[in-house]
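The values are calculated or read from the model by the stated rules, or taken from the named source; none is laboratory data. None of these values were measured; they are calculated from a predicted model. Here Cβ is always computed from backbone atoms with ideal geometry, including for glycine, and neighbour counts include all displayed protein chains.
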Amino acid sequence: MNTDAAYAKEQDAKDPLASFKDRFVITDPDLIYLDGNSLGRLPKDTRALLNGLIDDWGDRLIRFWSQDHFNIATDLGDKIAKLIGASPGEVIIGESTSVNMYKLFMAALQHQTGRTRIVTDNLNFPSDVYILSEINRWLGNTHSVEVVASPDGMTGPVDAIKTLLDEDTALLTLSGTVFKSAYTYDMADINAAAAAAGALVVWDLSHSVGSVPIDLNGSGADMAIGCTYKYVNSGPGAPAFLYVRKDLQEKLFNPIAGWFSRENPFDFGLNYVPKTGIGRFLTGTPDALSMAPIGVGVDILLEAGMDRIREKSVAQTDYVIALVDEYLAPYGFTINSPRDAKYRGSHVAVGHPEAWRINQSMINDMNIIPDFRAPDNIRLGITPLYTTYTDIHAAIMRMKKIMDEKLYEKYTMEASATGVT
Ligand SMILES: Cc1ncc(COP(=O)(O)O)c(C=O)c1O
């Protein structure tokens with residue numbers, strides 16, 4: 001692959017998604033933002049929408065809720081369903097990703113009475129594993145939680161997972177795209193193996209939604225959750241989504257039942273009758289102001305088209321890898337993400353023994369924002385809606401300068417005080 005700056009310019013000039021960058025607030029044009037995989041940029045339309053909603057609250061008071069907002073959790077669920085290959089009535093928005101995981105893990109385990117094995121892998125996000133192990137503790141350690149090790153710390157242990165799927169397996173949960181290496185599972189393959197064993201699968205799609213095409217119905221997925229603040233650009237801590245396959249919904253119960261998961265909540269009856277449909281996984285009043293930006297984020301992604309986004313993401317992550325191989329490998333950098341794009345999401349983890357200090361120098365000396373994941377990964381997040389080839393080329397050149405001039409040496413090895421990296 002051609003790795004010179006002119007090539008980057010040429011690619012940008014013919015990029016069919018180039019105009020989408022202008023849909024986002026960019027206050028520092030020199031900043032190379034490679035962390036859309038942690039927190040997406042602010043869409044310009046979101047600012048206008050939120051200002052309008054705040055005025056609406058001030059003006060209309062309790063009437064704010066009316067039809068427009070009262071069903072926001074299911075209305076936006078139906079919208080995000082289009083992005084992830086689900087049907088209307090299969091997705092809701094609300095809570096954090098972690099809370100939704102708790103709801104679905106509990107619901108699945110209650111349904112799978114008699115089965116005592118829970119399976120995940122050690123590439124999964126820590127929150128997912130904590131929730132599994134704490135649920136098991138609350139249940140009185142009735143289950144075994146098998147955390148299957150990746151063979152290389154990068155690749156999903158597919159075969160080892162499959163050997164644990166049998167008549168004793170209640171639940172398998174994996175990240176569709178894993179947070180460190182961006183390894184991406186073949187969901188249809190895993191779903192088929194789990195279904196054959198009667199195990200239920202909960203997918204964590206936080207790093208997949210908006211970055212790789214997802215076909216929940218087509219791949220035979222049972223359940224999924226995911227966040228909206230990364231590639232869906234819905235803002236810090238924006239509520240998550242929760243998906244349950246239609247024919248499973250009536251068989252499962254919400255462990256955090258509340259008035260919003262009850263039929264006719266405004267009856268105020270004290271008997272609990274779960275809603276039919278996906279609404280039974282709601283709990284309380286929707287956080288309407290935090291949810292609203294999800295509509296904007298999803299609309300932009302649908303307009304750009306997941307196929308075009310994926311095509312650009314593959315081309316750009318391939319480009320990152322080619323540039324790292326050529327310019328940074330001589331300084332000891334390694335590629336800690338799959339080289340085969342089929343198994344890669346939209347970020348590239350590059351490894352270096354000095355990754356923590358280099359990451360500091362990228363932020364403080366070079367005006368690049370990537371992020372660091374222990375022990376030695378710098379994640380370079382590609383967001384095709386606003387990452388340009390020129391950004392990528394410039395970022396690698398700035399990293400080369402850090403190495404040539406040993407700029408990272410002025411930083412200490414101590415982790416940042418805030419802990420947010
Ligand atoms: C893959 C993955 N799962 C779960 C979480 C936790 O999400 P939340 O903090 O919204 O509960 C994150 C957070 O970044 C994540 O990246």
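May I ask you to say which residue of A194, A188 is surrounded by fewer than 24 Cβ atoms within 10 Å (Cβ to Cβ), farther than 30 Å from D75 by Cα and aliphatic (A, V, I, L, M)?
Values: A188 fails: farther than 30 Å from D75 by Cα.
Answer to the check: A194.
Please count how many residues of segment 327-370 are of a type outside the set (D, E, K, R) and within 16 Å of I402 (Cβ to Cβ).
Taking segment 327-370 as the starting set, the residues that turn out to be of a type outside the set (D, E, K, R) are 327-338, 341, 343, 345-353, 355-356, 358-364, 366-370.
Now drop any that are not within 16 Å of I402 (Cβ to Cβ), which leaves 327-333, 350-353, 355-356, 358-364, 366-370.
Of the residues in segment 327-370, 25 are of a type outside the set (D, E, K, R) and within 16 Å of I402 (Cβ to Cβ).
List the pairs whose first member sits in segment 134-158 and is over 12 Å from N122 (Cα atoms), whose second member is at pLDDT below 95, and whose Cβ atoms are under 7 Å apart, counting only residues at least 6 apart or on separate chains?
Hits for this filter: zero, empty list.
Considering L205, L248, L242, L252, which residue is modelled with pLDDT of 95 or more, within 11 Å of the ligand (Cβ to nearest atom) and assigned by TED's automatic domain parsing to the domain that holds Y102? Give the derivation first.
Working: L248 fails: within 11 Å of the ligand (Cβ to nearest atom); L242 fails: within 11 Å of the ligand (Cβ to nearest atom); L252 fails: within 11 Å of the ligand (Cβ to nearest atom).
Among L205, L248, L242, L252, only L205 is modelled with pLDDT of 95 or more, within 11 Å of the ligand (Cβ to nearest atom) and assigned by TED's automatic domain parsing to the domain that holds Y102.
I'd like the residue in segment 67-82 that is touching a Leu at 6+ places or on another chain (Cβ under 9 Å) and of a type in the set (D, E, K, R) and, out of all such residues, is nearest to the ligand (Cβ to nearest atom).
Filtering segment 67-82 down to residues touching a Leu at 6+ places or on another chain (Cβ under 9 Å) leaves 69, 73-74, 77, 79, 81-82.
Next cut, of a type in the set (D, E, K, R) only: 79, 82.
Numbers: K79: 19, K82: 22 Å.
By that ranking, first place goes to K79.
Under the condition of being in contact with a Gly (Cβ under 8 Å, 6 or more places away or on another chain) and not polar (S, T, N, Q), which residue from segment 85-104 is nearest to G210 (Cα to Cα)? Talk me through it step by step, then tell me what you get.
Keep residues of segment 85-104 that are in contact with a Gly (Cβ under 8 Å, 6 or more places away or on another chain), which gives 85, 89-93, 96-97, 100.
Narrowing further to those that are not polar (S, T, N, Q): 85, 89-93.
Values: G85: 12, G89: 20, E90: 18, V91: 16, I92: 17, I93: 15 Å.
Only one residue fits best here, namely G85.
Taking segment 192-224, which residues are assigned to a strand (DSSP E or B) and touching an Asp or Glu at 6+ places or on another chain (Cβ under 6 Å)? Please lay out each step first, then the result.
Applying the first criterion (assigned to a strand (DSSP E or B)) to segment 192-224 yields 200-204, 223-224.
L200, V201, D204, listed by residue number.
Go through the residues of segment 244-261 one by one and say whether even a single one is of a type in the set (V, I, T), without any contact (Cβ under 8 Å) to a residue 40 or more places away in the chain and either touching a Lys or Arg at 6+ places or on another chain (Cβ under 8 Å) or in a strand (DSSP E or B) (or both).
Here is the first cut: in segment 244-261, the ones of a type in the set (V, I, T) are 244, 256.
From the residues that got through so far, the ones that are without any contact (Cβ under 8 Å) to a residue 40 or more places away in the chain too are none.
No - not one qualifying residue is present in segment 244-261.
Looking at L270, is it surrounded by fewer than 16 Cβ atoms within 10 Å (Cβ to Cβ), within 22 Å of L385 (Cβ to Cβ) and of a type in the set (A, V, I, L, M)?
On the way: surrounded by fewer than 16 Cβ atoms within 10 Å (Cβ to Cβ): yes; within 22 Å of L385 (Cβ to Cβ): no; of a type in the set (A, V, I, L, M): yes.
Spelling it out, it is not the case that L270 is surrounded by fewer than 16 Cβ atoms within 10 Å (Cβ to Cβ), within 22 Å of L385 (Cβ to Cβ) and of a type in the set (A, V, I, L, M).
Select from segment 18-40 the residues that are over 20 Å from the mean Cα position of the chain (by Cα) and either closer than 27 Å to P239 by Cα or β-branched (V, I, T) (or both) and list them in ascending order. So that I can check it myself, show each step before the final result.
Here is the first cut: in segment 18-40, the residues over 20 Å from the mean Cα position of the chain (by Cα) are 18-23, 25-32.
F20, K21, D22, R23, V25, I26, T27, I32, listed by residue number.
Give the residue, chosen from D55, D12, that is under 30 Å from G279 (Cα atoms), outside the structural domain of P286 (by TED's automatic domain parsing) and either part of a helix (DSSP H, G or I) or not aromatic (F, W, Y) (or both). Let's see the steps before the verdict.
Details: D12 fails: under 30 Å from G279 (Cα atoms).
Going through D55, D12 in turn, the sole match is D55.
Just one of the numbered conditions (1) over 30 Å from D35 (Cβ atoms); (2) surrounded by 16 or more Cβ atoms within 10 Å (Cβ to Cβ) is not true of Q316; which one?
(1)
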